[in-house]
Every structure is written in structure tokens, then in C-alpha cells.
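Take a look at the structure set out below.
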Amino acid sequence: MSLPLAPAIALAVFAAVILAIASNRMHMTVAASLGAVILLMTGVLSAQQTSETINPGEDTIALFFGGMVVARTLIPTGLFDYLGGIALRLVRGEGRRLLIAIIAIAAPICAVLPNATVVILLAPLIVRLCQRMELDFVPPVMFLVFVANSSGLLTLVGDPATFIVGNSIGLSFTEYLHLLSPGGLLALLGLVAVLPLTFRSIWRFRIPDTGPAALPRIERPLVMAACLAVLGVMIALFVVGESLPNPIAPPAVAIVGSTLVLLIAYWTGLDDVGEILRDVDWESLLFFVFIFVLVGALEKTGVIEALGSAMGTVFGAHVTIASILLLFAIGFLSSVIPNIALVVAMVPLVKEFAVGAGLTSEAALEGGYGVMPASVACLFFAMCFGATLGGNATLLGASSNIVATGICARAGSPISFIRFLRYGVPVTVAQLLIAAAYVWLRFM
């Protein structure tokens, strides 16, 4: 195939896949896999090149596979039903207490486990709780989604987007905690600040308190304790694993944790291992694989280099302006394009821009966060905030949103695109403004 034709095909296939997903005309995994097949069949990528494009995504896939397995294994222990019982006690018939309880329970879990998985586990509990209170459950479930997506900013492993961007510049878990976690916390506080306005009817809702509800019984407390101990070790290794004599990166930690909880489930008869693995979100994991193939084709055919040069022509060396505009641009695009696909494409594009504009060298980028200039690192930090928070704006912005929609529909109250927009846009605008202020004041 002639060289001028390969870039055109790679770009057209990538654009078609994104359009098919954003317009909800095709399942995201099917669209991405079809795009990868077209690239292979047209000769844009060889079989060997296709395999090479997947290699950068192995860490992301391993990390979130491990997190999904750990979360799924915890279900039969009764932990999440128990947390739902605690939430019922905390609520005491008040809507504002319900919203605060959602933050208190969901945010810490979503900081270390995949957000969509946590929504799958907690949303049904919120639906049942609201039904007992005779309260419309759709706004609280949407609020859970906002909390889940925003909490992904709290740690390096909290969201695929934060991990992909952070991993691309060699950012460690502890470095992320120091640099970006405060901004994630501010974004969550911003969500709390808009509660009385955005969720006004829920905030003012109140019914007479009927006394403390009975907490669900945990049938296998020792097994639950063992699984929670594994989760605790995982969190500890996320923090210190990379500084050990034999460093353990977060993806390896996730695989070790998932192996241990599967071993516990097998030995204790907690659940069938096959059932646990069947419930893993294979759709999302395969989507990761195919998106890395599509973006790899853009890199290998020179499309990323050309777009990076164009970006350099627009911004020149004005990295401050570029960072803020990048934050809002990615925030907007993340509301209609899956943020995973977006950041996988934007990471090499921003690297190309930084080198082409003379802001840094390829060697410095390869050296990672500790070597590259702080101004260049700021571009990647802006990407983390924009990609994670932008997903709150629309129904299609994140996998958590789509999962919550399905749960509400099965419970009898589907969420319309417009209704989600009415809640999501004010929340997203407020959080992006807070994130922009944080990036400006902290890093510029």
C-alpha cells in the first residue's frame, strides 16, 4: 500500500469507530474490533505490528482485570449489602443524608476499584433504599455516577484514564497522591457544593425517621475479613510497591490481589471461580485492546506526528494556554467520546507536540516525570482532569453512566439523555473550573 493512503485509512477508520460509538449506533467493543480488523485486512498494519500496538496497553488491562476480580469476589461475602444497611441507618429518612452517605461509601471504594464495577454493585442498593423511602431513585443513582467518575481522580489506579496518562509519563502512585489527588478531592468537594442547587428536590426531601434499620447479616465474616485483608495489602503495595528492593508496579499488584481472592473463593467455597471470571467486564477489557490497535495505527502511519505538528503551530511554546485549553477540550470531548479512547489517542499526540514545539526532548519524555520539564508534565496533568471529569456531562460520557442507565431501566425508570444532561452539565462545568484553577495555581 502506498504511504499516502495508509494514514488516510487509519484516520478514517479511527474517526468512523469513534463516531459509531458516540452516536450509539454500534456496541463500542464491536466497533473497535471491526476497526482493528479493517486495518489488518487492508494492510495498514501487519500481524506483527498489530501485536506490537497492544503491548503499551498490557499494564492497563492487567490493572483493571485485577480490580474487577477483587470487586466481584467481594459480592457473596455480603459486604456491599452490609454497607447498604449502614447507609440506611445514616440516612434516617433525609435526602441530604442519602447524598452524603453515597459520597462517604462510594468515593473510597472508587479510588481503588474500577468505577463501573462499583456502580454495578452499589446502584441496586440505592434503588432499593429509595424505594423504601418512596423517593425517585434516578437522581441519587446519577449522583452515584458523578461520585464514582470524580473519585477516579483520587488515585493513580482510580480510573483507566488517570492510569493511562500517569503510566505514560512514569508517574508513581505516591507521586500521583502528592500532585493530583488534592485536585481530585477539590473536584469532589465541588460536587458537594452544588448539591443544594443541582439536586434540590432530593436535598430537601424528608420523611419521619422510623428508627434504626436492622443491618444485614454477614454469613461468612472470616472469609470477608480475608478478602478485605487482601484488598488492604493491595492498597499498601500501590503506595510502597514501587519503592521495594524488588519493585512491584500497580498492574502486578492487581494481578497478585486477584489471584489471592480467587484462591480464597476456591478454598472456602465462597463462589465458583468460573462464575467470578464470567462476570468480569470483558467487553471493556477487549475495548482497551482494540483501541490501542487503532491508535497504534495512527502512530505508525504518521498521523499522530502530523497532528502534533499542527498543534505546535497553533500553540507554539505557550504551554500554559495549551494546558488549560487542553483540559477543557478533553473535558468536552470526553462527554461524547469514551475517555479511554480519547486519552490513548491524546497521549502520543501531546508528546509529539511537546517535542515538536521544543518544550522537551524525546529522551526526557522517555525518562518520565522526574526528567521531563514541569511545564510539559502539566499538559498531562490537565489531560487527567479533563478526561475524568468530562465523562460526567452526558449519558455516553463514561461506562459508569451507561451501566447506571441499564440498572435504572430494569428498575422501571430509564434515564433519558436530556434528563442526564440537566444534572451532568452543571456538575461538569463546576468541576472543570475547579480543576483548571487547581492546575493553574499548583503547576504554573
Practice item. State to the nearest 20 debye the size of the charge dipole of the chain about its Cα centre, where the only charges are +1 on K and R beta carbons and -1 on D and E beta carbons. Key: 1540
Review point. Relative contact order for segment 5-443 using alpha-carbon pairs under 8 Å, separation at least 6, rounded to a whole percent?
Key: 24
Point to revise | Label-point separation in nm, Ala374 to Ala409, each point 7 Å along Cα→Cβ | key: 4.9
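Suppose every K and R has +1 on its Cβ and every D and E has -1 on its Cβ; what is the size of the dipole of segment 1-150 about the Cα centre, in Debye to the nearest 20? It would help to have the intermediate numbers written out before the result.
Details: 8 positive and 7 negative charges, 110 e Å.
Using only the charged Cβ atoms, the result is roughly 520 debye.
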Point to revise | Other-chain or far-sequence residues with amide H under 5 Å of Arg206's (modelled H) | key: Gly95
Exercise for review: Report the label-to-label distance for Ile248 and Leu222 in nanometres (one decimal), using points 7 Å from each Cα along the Cα→Cβ vector.
Suggested key: 2.4
Check your understanding: Once fully extended, how much extra length lies between Tyr266 and Thr174, figured as 0.36 nm per residue of separation less the alpha-carbon to alpha-carbon distance?
Key -> 29.8 nm
**Study point:** Extension gain from Ala306 to Met41, taking 0.36 nm per residue of separation minus the Cα-Cα distance
**Key:** 93.0 nm
**Study point:** Helix 138-151 vs. the chain, principal-axis angle (Cα, 0 to 90°, nearest 10)
**Key:** 50
Study note, to complete from the structure: If R0 = 56 Å, then Glu58 and Arg206, at their Cβ-Cβ distance, give a FRET efficiency to the nearest 0.05 of 0.65
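Once fully extended, how much extra length lies between Thr320 and Val192, figured as 0.36 nm per residue of separation less the alpha-carbon to alpha-carbon distance? Mind showing how you got there, number by number?
Details: separation 128, 0.36 × 128 = 46.08 nm, distance 2.87 nm.
That works out to 43.2 nm of additional length.
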**Study point:** Using alpha-carbon coordinates, inclination of helix 58-74 to the longest axis of the chain, degrees
**Key:** 10
**Study point:** Ala104 paired with Gln48, simple spin-label distance in nm, labels 7 Å along Cα-to-beta-carbon
**Key:** 6.0
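Values in this text are rule-based calculations from the coordinates and carry no lab data. Since we're looking at a predicted model, the values are computed, not measured. In this analysis, Cβ positions are derived from the backbone assuming ideal geometry, glycine residues included, and neighbour counts consider all displayed protein chains.
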